[in-house]
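Asker: Below is a structure I'd like to ask you about.
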Amino acid sequence: MKRNRNPVLDEIEPEIIQMLDAFGYELVLDELKGAVGAQTLTLYIDKPGGVDVNECAEMAKKVAVVLETIDAERHNYTIIVSSPGIERPLTREKDFQRFSGQKATLTIQQAQGKQTLTGVLRGVDKGCVVIQKDTDIMEVPVADLVDAHLAPDW
């Protein structure tokens, strides 16, 4: 999936994932924004059954300790830990398989511009997300995705 990603995330993400895994949480998405010295690190976490505000607050404290250990020189982050919400981002191939059968919205970057597609996920096959819109089944290369999230029926 195409994303503008802060390179600092590549350095700190493995340790954060390891810590979250140890407590039974999955890192859904992470973002680091802002000027150096005043950056906001936002983590979206999940687990079976979802997460509540108290769990998010507890994990924010634990993430702060991890960052002080691995990134003491730059550690001046405002840390926000949140549930991914009902429109959960789909960021990894395993997400498309896990949420197969559910409605999702995909944003695709193509030569002619961006296209948005909403349909029912049917999994992943050979690096392509399989999505069904009405009776049409389409395969979208994961590399062409710029955004993907669940799209609940209201």
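Asker: Nothing charged except the Cβ atoms of Lys and Arg (+1) and of Asp and Glu (-1): what's the magnitude of the dipole of the chain about its Cα centre? Round to the nearest 20 debye.
Answerer: Roughly 340 debye for the chain.
Asker: Does anything in the range 1-42 have its amide N under 15 Å from the 7 Å Cα→Cβ label point of GLU93, and if so which residues?
Answerer: It comes to 1-2, nothing else.
Asker: Near the amide H of VAL28, under 5 Å away, which other amide H atoms are found, from residues 5 or more places off or on another chain, if H is placed in the peptide plane?
Answerer: TYR44, ILE45, ASP46
Asker: Sticking with this structure for a sec: How far is helix 53-70 tilted, in degrees, relative to the longest principal axis of the Cα atoms in the chain, given as a value from 0 to 90 rounded to the nearest 10?
Answerer: 60
Asker: For the range 6-13, what does the Karplus curve 6.51 cos²θ - 1.76 cosθ + 1.60, with θ = phi - 60°, yield as ³J(HN,Hα) per residue in whole Hz, taken in order and with x for Gly and Pro?
Answerer: Each residue's phi maps through the Karplus curve to give 5, x, 4, 4, 4, 7, 9, 4 Hz.
Asker: Given +1 on the Cβ of Lys and Arg, -1 on the Cβ of Asp and Glu, and no further charges, what dipole in debye does the range 30-95 carry about its Cα centre, rounded to the nearest 20?
Answerer: The dipole magnitude comes to about 20 debye.
Asker: Taking only the alpha-carbon positions of the chain and ignoring solvent, what does the Debye formula give for the base-10 log of I(q)/I(0) at q = 0.14, 0.16 Å⁻¹?
Answerer: At q = 0.14, 0.16 Å⁻¹ the computed log10 ratios are -0.76, -0.93.
Asker: Pairs to check: LYS33/LYS133; LYS62/LYS114; LYS47/LYS103; LYS61/LYS94. Give those whose C-alpha atoms are more than 30 Å from each other in this structure.
Answerer: Long pairs (Cα-Cα over 30 Å): LYS33/LYS133; LYS62/LYS114.
Asker: If each of LYS114 and ARG5 carries a label point 7 Å out from its Cα toward its Cβ, how far apart are those two points in nm?
Answerer: 2.0
Asker: Let me ask another. Would you mind telling me the antiparallel percentage of the DSSP bridges in the range 7-82, rounded to 5?
Answerer: Restricted to the range 7-82, the bridges split so that about 55 percent are antiparallel.
Asker: Still on this structure, please answer the following. Within a 10 angstrom radius of the beta carbon, how do PHE99, PHE23 rank from fewest other beta carbons to most?
Answerer: Lowest to highest Cβ neighbour count: PHE23, PHE99.
Asker: I've got another one for you. Which percent, to the nearest 5, of DSSP beta bridges fully inside the range 1-134 are antiparallel?
Answerer: 75
Any read-out appearing in this document is the output of simple, stated calculations on the displayed coordinates, not a laboratory observation. Here the structure is a predicted model, which means the values were calculated and not measured. When we count neighbours, we look across all protein chains shown, and the Cβ atoms used for this are built from the backbone with ideal geometry, even at glycine.
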